[in-house]
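Right, one structure below, let's go through it.
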Amino acid sequence: MLRYTLKRLLSLILSLLVASLVIFAAIEVVPGDPAQYMLGINAQEDTLNALREQLGLNQSVVSRYFSWVAGMVQGDFGVSYTYRTPVRDMVAERLWISLPLALYALALAILVAFPAGILAARKRGSFLDSTVMGVTQLGVAIPNFWFAMLMVLLFAVSLRWFSAGGFPGWDNGFWLAMKALTLPAIALSLQQASILTRVMRSSLLDTLSEDFVRTARAKGLSTGQALWRHALRNAMIPVLTIIGMQFSFLIAGGIVIENVFFLPGLGRLIFQSISQRDLIVVESVVMILVFAVIMVNFAVDLAYAFVDPRLRRRT
Amino acid sequence: MPTAKLSRAMLFGAFLSLLFISAALLSFVWTPYSVETLDIANKLQKPSAAHWFGTDHFGRDIFSMIMVGARTSIAVALVAVGIGMLLGVPLGLAAAAKRGGLLDEMIMRGNDLVFAFPPLVIAIMITATFGPSATNAIIAIGVFNIPVFARMTRGAAISLWTRDYVLSARVSGKGAARISLEHILPNVANLLIVQGSIQFSVGIIAEAALSYVGLGAQPPIPSWGRMLAESQTMISFAPHLTVFPGMAILLTVLGLNLVGDGLRDYLDPKLRRSKT
């Protein structure tokens, strides 16, 4: 397991390094001068030069890349061109909305998908199974931001149970904040819950037809007992992989959903920064998103090897 | 799942898909109203015999806009699938031909890296550099499709390399590239068609999401995602602006998914059991 973990760790570091290179290269080729943008078209050349010096824009591309990466490793993401505040503080503030939103959505998806998938597999071919499969087929096809808008129409505009958007902040009470995240989390989780239900169902059906489950049944276990004691753990491998992949989609998908509900999370920050050409913020937020995806995949790889010891030997 | 029932689902899916493809094609020669002409006197009309899906805040006919918007969605998703196939399939074939080697390892790690960039993030990076456009949406979704096709092709091709007919081709002196083209590719074509239809529907949703946040097609090109974005502030008094473009996305994606599922079952009965 140690060798496997070390190998994965090396691959993780390499992925992060290459990703940082790609992001830096992609965003640094951008036309336009942030100093010019910040000071306006009438700015004097010496003022512009002073600002470029201050922002480190006069350095070579290579040294800018290294100082960006070195800064990030120490938690320093630079200073926003527009707001002149540390990017770290801006990101930290927004992360307290985006991360709980993604986790909330993931929790909802799991809470719905596990029982639905298990039930559908147990009652294969029944009306319940067909209903679950039909609903999940729809769930996969509905664009989550449209579903979010329909929920706003029903629960905020018509029934007035929730507000149509905005975030009161965690300081004003945990439950109030959670309530503001509820509709966005449901919208975000719909597609993922549907996919997870289908994966759970099919993975369980596959496992239930395996010899070891048949043996367990032959030894006198009921279908339910065989499912809970033997099939479920083995069916978890593909489910775990999908959960890992879904977390990346939830983080990225959150950017769109934040837009529907006017949530001041990372998504809003990134769009604001693009329109203000605050590239240091764009660069940093993209790096954080990609970092999160790579880290989650790393964690899934480890969890995968933990559940299935054969994988440790294979790699 | 009974085959007859499944075929009905696939036929329904094919009907929906063809409906929207036909609407997109028809829009090149005919739409009920021009989508470029503003008719402020008739703005925000509810659905009626004159305007089946109502009109927007500029008085434009929503039905006509959905027809023209179908072009954007279908074109973006189709080209993105093309990019994914054109680059992903050769990479997958090469990785399988050199399985276990350095090239295979490099291609697969490269795939992992691209997978770490969801389409939205790629679109954000491109937009930060070049500004938003439908082309950027195509590139973003297309780049994301490359590892999808590469992985799938590699997975299928690796098992084919152990087959007898491939071994005899090797014995007869054919090189890896020729074997990949003549023997492996035709045998993974079915899988590619199925994956293509799935990625096509993923592309439709991704294009709509990118246009919704302003990173996709720009005015005056009509797009379903942007129609939804524009409707957002009017949702309380003109819900039809939100309902119809969303239904168009839902039905197109549902249709393509049903076709994809049906094709998968039809082309590979082994997969029927593990259908997700």
_Selection within region A:217-271 - within 20 Å of the chain's Cα centre (by Cα), of a type outside the set (A, V, I, L, M, F, W, C) and over 15 Å from B:Leu120 (Cβ atoms)_ = A:Pro238, A:Thr241, A:Gly244, A:Pro264
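Examine region B:163-186 for a residue that is farther than 22 Å from B:Leu86 by Cβ, free of Cβ contacts under 8 Å to residues at least 60 places away in the same chain, within 14 Å of chain A (Cβ to nearest Cβ) and not charged (D, E, K, R), and state whether such a residue exists. Even if it seems obvious, please write down each step before you answer.
Going through region B:163-186, the residues farther than 22 Å from B:Leu86 by Cβ turn out to be B:163-174.
With free of Cβ contacts under 8 Å to residues at least 60 places away in the same chain added as a condition, the list becomes B:163-174.
Now restrict to residues that are within 14 Å of chain A (Cβ to nearest Cβ): none.
There is no residue in region B:163-186 that is farther than 22 Å from B:Leu86 by Cβ, free of Cβ contacts under 8 Å to residues at least 60 places away in the same chain, within 14 Å of chain A (Cβ to nearest Cβ) and not charged (D, E, K, R).
Filter region B:232-242 down to the residues that are within 8 Å of another protein chain (Cβ to nearest Cβ) and in a helix (DSSP H, G or I), then identify the one that is surrounded by the most Cβ atoms within 10 Å (Cβ to Cβ).
Kept after step one, since they are within 8 Å of another protein chain (Cβ to nearest Cβ), are these residues of region B:232-242: B:232, B:235-236, B:239, B:242.
From what is left, the residues that are in a helix (DSSP H, G or I) are B:232, B:242.
Values: B:Gln232: 19, B:Thr242: 21.
Filtering first and then ranking leaves B:Thr242.
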*Go through region A:177-217 residue by residue and tally those that are over 29 Å from B:Ile198 (Cα atoms) and not acidic (Asp, Glu).*
12
*For region A:65-121, what are the residues that are among the charged types (D, E, K, R), closer than 20 Å to A:Glu28 by Cβ and in contact with a helix residue (DSSP H, G or I) (Cβ under 6 Å, 6 or more places away or on another chain)?*
none
*Select from region B:205-231 the residues that are over 15 Å from A:Gly253 (Cα atoms) and within 10 Å of another protein chain (Cβ to nearest Cβ) and list them in ascending order.*
B:Trp224, B:Leu228, B:Ala229, B:Ser231
_One residue is enough: does region A:3-21 have a residue meeting the conditions over 23 Å from A:Ile294 (Cβ atoms), at pLDDT 85 or above and assigned to a helix (DSSP H, G or I)?_
no
*In region A:26-47, what residues are within 28 Å of A:Phe291 (Cβ to Cβ) and either among the polar types (S, T, N, Q) or surrounded by fewer than 13 Cβ atoms within 10 Å (Cβ to Cβ) (or both)?*
A:Val29, A:Pro31, A:Gly32
*In region A:48-60, which residue that is farther than 18 Å from A:Tyr83 by Cβ and out of contact with any helix residue (DSSP H, G or I) (no Cβ under 6 Å at 6 or more places or on another chain) is surrounded by the fewest Cβ atoms within 10 Å (Cβ to Cβ)?*
A:Ser60
*asked:* Give me the residue from region A:250-270 that is farther than 12 Å from A:Ile97 by Cα and either surrounded by fewer than 20 Cβ atoms within 10 Å (Cβ to Cβ) or not hydrophobic (A, V, I, L, M, F, W, C) (or both) and, out of that set, modelled with the highest pLDDT.
replied: A:Asn259
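Identify all residues within region B:123-147 that are aliphatic (A, V, I, L, M), within 21 Å of B:Met106 (Cα to Cα) and out of contact with any Gly (no Cβ under 6 Å at 6 or more places or on another chain); write none if there are none.
Start the filter on region B:123-147 by keeping residues that are aliphatic (A, V, I, L, M), which leaves B:123-126, B:128, B:134, B:137-141, B:143, B:146.
Still in the list and also within 21 Å of B:Met106 (Cα to Cα): B:143, B:146.
Scanning region B:123-147 gives a single hit, B:Val143.
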*Please indicate, with yes or no, whether at least one residue in region B:223-231 is within 23 Å of A:Ile257 (Cβ to Cβ), touching a helix residue (DSSP H, G or I) at 6+ places or on another chain (Cβ under 9 Å) and either part of a loop (DSSP other than H, G, I, E, B) or modelled with pLDDT under 90 (or both).*
yes
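To keep it simple, each residue is scored yes or no on (1) under 15 Å from the mean Cα position of the chain (by Cα); (2) among the charged types (D, E, K, R); (3) surrounded by 19 or more Cβ atoms within 10 Å (Cβ to Cβ); (4) not in a helix (DSSP H, G or I).
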site: B:Lys174; (1), (2), (3), (4): no, yes, no, yes
site: B:Asn190; (1), (2), (3), (4): no, no, no, no
site: B:Ser197; (1), (2), (3), (4): yes, no, yes, no
site: B:Phe200; (1), (2), (3), (4): yes, no, yes, no
site: B:Gly216; (1), (2), (3), (4): yes, no, yes, yes
site: B:Pro219; (1), (2), (3), (4): no, no, no, yes
site: B:Tyr266; (1), (2), (3), (4): no, no, no, no
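Which of the helices (runs of 4 or more DSSP H) found entirely inside region A:68-159 contain at least 2 residues meeting this: within 17 Å of A:Gly265 (Cβ to Cβ) and within 11 Å of chain B (Cβ to nearest Cβ)?
Details: elements: A:87-122, A:127-141, A:144-151.
Output list reads A:144-151.
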*Those residues that are of a type in the set (A, V, I, L, M) and either crowded, with 16+ Cβ neighbours inside 10 Å or on the phi > 0 side of the Ramachandran plot (or both), I need them from region A:70-95; list them, please.*
A:Met72, A:Val79, A:Val87, A:Met90, A:Val91, A:Leu95
*Which of the following residues is in a helix (DSSP H, G or I), more than 11 Å from chain A (Cβ to nearest Cβ) and out of contact with any helix residue (DSSP H, G or I) (no Cβ under 8 Å at 6 or more places or on another chain): B:Leu103, B:Leu86, B:Leu78, B:Leu93?*
B:Leu86
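Has region A:126-141 got at least one residue that is among the hydroxyl-bearing types (Ser, Thr, Tyr) and exposed (fewer than 14 other Cβ atoms within 10 Å of the Cβ)? Explain how you work it out, then say what you get.
Step one: list which residues in region A:126-141 are among the hydroxyl-bearing types (Ser, Thr, Tyr), which gives A:126, A:130-131, A:136.
After this cut, where a residue has to be exposed (fewer than 14 other Cβ atoms within 10 Å of the Cβ) as well, the list is A:126, A:131.
The answer is yes; a qualifying residue exists.
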*Of the residues in region A:29-62, how many are modelled with pLDDT of 75 or more, in a helix (DSSP H, G or I) and not aliphatic (A, V, I, L, M)?*
7
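Scan region A:181-221 residue by residue and report those that are basic (Lys, Arg), farther than 16 Å from A:Val135 by Cβ and in contact with a helix residue (DSSP H, G or I) (Cβ under 6 Å, 6 or more places away or on another chain).
Pass one, region A:181-221, residues basic (Lys, Arg): A:198, A:201, A:214, A:217, A:219.
Imposing the further condition that a residue be farther than 16 Å from A:Val135 by Cβ reduces the set to A:214, A:217, A:219.
Correct list: A:Arg217 only.
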_A:Ile118 - would you say it is in contact (Cβ under 8 Å) with a residue 12 or more places away in the chain and under 24 Å from A:Asn144 (Cβ atoms)?_
no
*Starting from residues that are buried (at least 21 other Cβ atoms within 10 Å of the Cβ) and not aromatic (Phe, Trp, Tyr), keep the ones in region B:244-253 and report whichever is farthest from the other protein chains (Cβ to nearest Cβ).*
B:Ala248
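For residues that are closer than 20 Å to A:Arg277 by Cβ and within 16 Å of the chain's Cα centre (by Cα), scanning just region B:106-134, find the one that is nearest to the other protein chains (Cβ to nearest Cβ).
As a first pass, look at region B:106-134 and keep what is closer than 20 Å to A:Arg277 by Cβ: B:120-133.
Now drop any that are not within 16 Å of the chain's Cα centre (by Cα), which leaves B:120, B:123.
Details: B:Leu120: 5, B:Ala123: 10 Å.
Of everything passing the filter in region B:106-134, B:Leu120 is nearest to the other protein chains (Cβ to nearest Cβ).
The values are calculated or read from the model by the stated rules, or taken from the named source; none is laboratory data. Since the model is a prediction, treat every value here as computed from it, not as a measurement. No Cβ is skipped: glycine too gets one built from the backbone with ideal geometry, and neighbour counts run over all protein chains shown.
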